[in-house]
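The values are calculated or read from the model by the stated rules, or taken from the named source; none is laboratory data. Just so you know, these numbers come straight off a predicted model, no measurement behind them. As a convention, Cβ positions derive from the backbone with ideal geometry for all residues, glycine included, and neighbour counts pool all protein chains shown. Please note that ligands, DNA and RNA were not included when accessible areas were found on the heavy atoms of the full protein model with its side chains. Shrake-Rupley method; radii C 1.70, N 1.55, O 1.52, S 1.80 Å.
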Amino acid sequence: MTSLWGRAQRVTPGGVNSPVRSFAGVGGEPFFVAEGDGAWIRTTDGQRLLDYVQSWGASILGHAHPSIVSAVQQAAARGTSFGIPTEGEVDLAEAIVAAVPSVQKVRLVNSGTEATMSAVRLARGFTGRDLVVKFDGCYHGHGDALLVASGSGVATFGLPGSAGVPPAAVADTCVVPFNDLDATSAVFDERGAQIAAVIVEPVAANVGCIPPQPGFLDGVQQLCRRHGALFVLDEVVTGFRVDRAGAQSLYDLDPDLTTLGKVIGGGLPLAAFGGRADVMDALAPAGPVYQAGTLSGNSLATAAGLAALGELDDAAYRGLRGKAMELETRLAEVFATAGVTAQVQRAETIIGIYFSETPVTTYAEAKRADVALYRRFFHALLRRGVYIAPSPYEVLFVSLAHTWDDL
Ligand code: PMP
């Protein structure tokens, strides 16, 4: 009998529907998941694994949470998609607007990529400017304009990060080192009047976990204000993960636009972008910036999202933070006991591991960490029934379902 992996490779490029799942980052063959329950998953080979990926942060309640299962079942019984407004869309939009003060209006989409892509188009349409500034090491999905290779040096213009992205598509994207306010300021000095938006992850969570340096995010926000550019905070990872009001509340920021995903869909395909009402009203049909979607605000996804947000009160975030701190402490103990030099970096409720002599504050430093050691660590954990991200440039996600024993 052919293995699932053999079958998958025959009919799907690289055997997977999203590259990192292929284990290319750690070597070996990926497993297939059959089902999940709370913090745990069971593979199609019958192995039980403690899951620290949790659908890349989407499953904050853990797998198959009863509230989400029941909400989705009830929604499905009423019909899976209409392409006509539903009450659930209004309920979820209201819940987001109520939770995140900078978001006055919000539009629901299907993925984080769509959210960031649409936010950039909106910023360009609203400001009438073309240039977008992003930071190296920050990932904002696979839209052309944001899929730009990170640059060394102060700022790099227009280097596509993938085959198939024409140089013209990224010619108006400027890449600046994350956590480097001076470099950002220099770009504004030179081209401030052309900059439509700066987009940034408040915590760089796609190169391990790099917290923002004090003053960096606020400094970027101030530069945007001074030069009439929009400040776009990509909270696809951090939104409803570090706090109900996102990283922007913890870091005291007031972005013009925010992108959300993962947690707000309760594990179904749902994401959003929102912000200032005057900016959001530039979207069609209210305004001239076109954006649309057959499945946007899908009724199963809004039901799951509402169920998830319904579980996330202050106590939940206190609990999640406590668990993340426990995991951080335990990991540091394990490495110390083993005599392995590692940096366990926690930003609020998100954790990254670098096999590095010194703390990692930039993408350049992240790339210097010992990747071979991460691979060994990954496989050693997997053999012991613990699943962490199959790539050294990802983070560990604790869910509310992880027990102290699990940790
Ligand atoms: N922004 C950030 C910060 C992300 O981490 C991701 C994906 N991990 C995206 C955008 C893209 O989201 P999606 O994979 O849903 O397209």
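When region 30-62 is limited to residues that are away from the ligand (no atom under 16 Å from the Cβ) and touching a helix residue (DSSP H, G or I) at 6+ places or on another chain (Cβ under 8 Å), the one that is nearest to Val109 (Cα to Cα) turns out to be Leu61.
The set of residues from region 254-276 being more than 15 Å from the ligand (Cβ to nearest atom) and more than 13 Å from Ala93 (Cα to Cα) comprises Asp254, Asp256, Arg276. Here Gly239 meets the list (1) over 30 Å from Ser67 (Cβ atoms); (2) in contact with a strand residue (DSSP E or B) (Cβ under 8 Å, 6 or more places away or on another chain) almost entirely, failing just condition (1). Only one of the numbered conditions (1) under 27 Å from His140 (Cβ atoms); (2) assigned to a helix (DSSP H, G or I); (3) among the aliphatic types (A, V, I, L, M); (4) open to solvent by 20 Å² or more (accessible area, probe 1.4 Å) is not met by Leu320, and that is (4).
For region 233-246, which residues satisfy the criterion of being within 11 Å of the ligand (Cβ to nearest atom) and not in a loop (DSSP other than H, G, I, E, B)? Quick ask: steps written out before the conclusion?
Step one: of region 233-246, the residues within 11 Å of the ligand (Cβ to nearest atom) are 233-239, 241.
Across region 233-246, the qualifying residues are Leu233, Asp234, Glu235, Gly239.
Can you confirm whether region 65-76 contains a residue that is over 30 Å from Gly36 (Cα atoms), surrounded by fewer than 18 Cβ atoms within 10 Å (Cβ to Cβ), away from the ligand (no atom under 16 Å from the Cβ) and of a type outside the set (Ser, Thr, Tyr)? Taking every residue of region 65-76 in turn, none turns out to be over 30 Å from Gly36 (Cα atoms), surrounded by fewer than 18 Cβ atoms within 10 Å (Cβ to Cβ), away from the ligand (no atom under 16 Å from the Cβ) and of a type outside the set (Ser, Thr, Tyr).
Note on region 299-310: residues that are open to solvent by 30 Å² or more (accessible area, probe 1.4 Å) and not aliphatic (A, V, I, L, M) total 1. Put simply, of Val398, Val386, Val371 the only residue that is among the β-branched types (Val, Ile, Thr) and crowded, with 21+ Cβ neighbours inside 10 Å is Val398. Taken together, Asp252, Asp281 contain a single residue that is under 23 Å from Ala347 (Cα atoms), surrounded by fewer than 24 Cβ atoms within 10 Å (Cβ to Cβ) and of a type outside the set (A, V, I, L, M), which is Asp252. Take Ala304 and decide whether it is within 13 Å of the ligand (Cβ to nearest atom) and either within 21 Å of the chain's Cα centre (by Cα) or modelled with pLDDT under 95 (or both). Spelling it out, it is not the case that Ala304 is within 13 Å of the ligand (Cβ to nearest atom) and either within 21 Å of the chain's Cα centre (by Cα) or modelled with pLDDT under 95 (or both). On the given criteria, is Thr403 more than 30 Å from Val176 (Cβ to Cβ) and polar (S, T, N, Q)? Taking the combined requirement at face value, the residue satisfies it.
Can you pull out every residue in region 204-216 that is open to solvent by less than 10 Å² (accessible area, probe 1.4 Å) and either out of contact with any helix residue (DSSP H, G or I) (no Cβ under 6 Å at 6 or more places or on another chain) or in a helix (DSSP H, G or I) (or both)?
Keep residues of region 204-216 that are open to solvent by less than 10 Å² (accessible area, probe 1.4 Å), which gives 204-205, 207-210, 216.
Those that are open to solvent by less than 10 Å² (accessible area, probe 1.4 Å) and either out of contact with any helix residue (DSSP H, G or I) (no Cβ under 6 Å at 6 or more places or on another chain) or in a helix (DSSP H, G or I) (or both): Ala204, Ala205, Cys209, Ile210, Phe216.
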